[in-house]
1. What is the one condition in (1) basic (Lys, Arg); (2) in a helix (DSSP H, G or I); (3) farther than 18 Å from B:VAL3 by Cα that B:LYS120 does not satisfy?
2. Assess whether B:ARG143 counts as being touching a residue at least 24 places away in the same chain (Cβ under 8 Å) and more than 15 Å from the chain's Cα centre (by Cα).
3. I need the full set of residues from the range B:32-75 which are farther than 25 Å from A:GLU74 by Cβ and either among the basic types (Lys, Arg) or within 12 Å of chain A (Cβ to nearest Cβ) (or both), in order please.
4. Does B:VAL29 satisfy the condition of being within 12 Å of chain A (Cβ to nearest Cβ), within 18 Å of the chain's Cα centre (by Cα) and part of a strand (DSSP E or B)?
5. Against the condition over 13 Å from the mean Cα position of the chain (by Cα), farther than 22 Å from B:GLY39 by Cα and surrounded by fewer than 20 Cβ atoms within 10 Å (Cβ to Cβ), how does B:ALA125 come out, does it pass?
6. Which of the residues spanning the range B:93-120 are more than 7 Å from chain A (Cβ to nearest Cβ) and either among the basic types (Lys, Arg) or in contact with a Cys (Cβ under 9 Å, 6 or more places away or on another chain) (or both)?
7. For the range B:31-51, state whether one or more residues are in contact with a helix residue (DSSP H, G or I) (Cβ under 6 Å, 6 or more places away or on another chain) and of a type in the set (S, T, N, Q).
8. State yes or no: is B:GLY22 within 14 Å of another protein chain (Cβ to nearest Cβ) and free of Cβ contacts under 8 Å to residues at least 24 places away in the same chain?
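The values are calculated or read from the model by the stated rules, or taken from the named source; none is laboratory data. Computed from a prediction, not measured in an experiment: that's the story for all the values here. Neighbour counts are summed over all protein chains in view; Cβ atoms, including those assigned to glycine, are modelled from backbone coordinates with ideal geometry.
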Amino acid sequence: MMVKVLYFAGLREALATSGEEIRLPAGVASVAALRDHVAARGEPWAQLARTRNLRCAVNHAMAGFDAAVRDGDEVAFFPPVTGG
Amino acid sequence: MTVSVQEADFAVGAEIEALGAGTDNAGAVASFVGMVRGGEILAMTLEHYPGMTEKALAEIVAEARRRWALLGVRVIHRVGRLLPGERIVFVAVSSTHRHNAFAACEFIMDYLKTQAPFWKREDTASGGRWVDARESDDAALARWRGA
């Protein structure tokens, strides 16, 4: 299945990209599994697995790492928010 | 329009007056303006998540409306590069009585700071740095949980 993955703020800078389309192998069906799949590419992607307090959203809603990922989903990874 | 995410500045007076327009029931309007602190900060750049940020703000406003009897709500958050003294965020709430307006205004700000996807990057003389989330902001949010 295909998912759109977005990165924001310091994570976007560290990865040198704001996002990508990823074709996921069978069995990668949660946010945690997606994070580990991307991190397994090595540097700089491995930072995804190291980032403390990494947050995520699925389809524009804050989500936990146990959230399901389905074909066509938009998944975002980012540091804790600091607006206001 | 209740929620705006924009690069442009806004007119505080006009926004407050607009909340009271068209009704004579509003006994109170409470507002908050957040600005860029000076000192060692030369400039601040705000990033957001287009689509999700607007949705998150609208959900925070909807939750405030569930908790208090409110007449009007206006939230404006700027993005892009801002200089010390410039306005970042505006929240205003109108209600029949001041207690609801004060409480809802503070609630919206506390939720915005911890739940809406915005990120601040500060430029200083020694370079740029992303602002870390503050535990005091989480503590401010916790006050409203279960309330």
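1. Single failed check for B:LYS120: (2).
2. It is true that B:ARG143 is touching a residue at least 24 places away in the same chain (Cβ under 8 Å) and more than 15 Å from the chain's Cα centre (by Cα).
3. Hits for the range B:32-75 are B:PHE32, B:VAL33, B:GLY34, B:MET35, B:VAL36, B:ARG37, B:MET44, B:ARG65, B:ARG66, B:ARG67, B:ARG74.
4. No; evaluated as a whole, the condition is false for this residue.
5. Criteria not met by B:ALA125.
6. B:VAL93, B:ARG98
7. So far as the range B:31-51 goes, yes, one or more of its residues are in contact with a helix residue (DSSP H, G or I) (Cβ under 6 Å, 6 or more places away or on another chain) and of a type in the set (S, T, N, Q).
8. Spelling it out, it is not the case that B:GLY22 is within 14 Å of another protein chain (Cβ to nearest Cβ) and free of Cβ contacts under 8 Å to residues at least 24 places away in the same chain.
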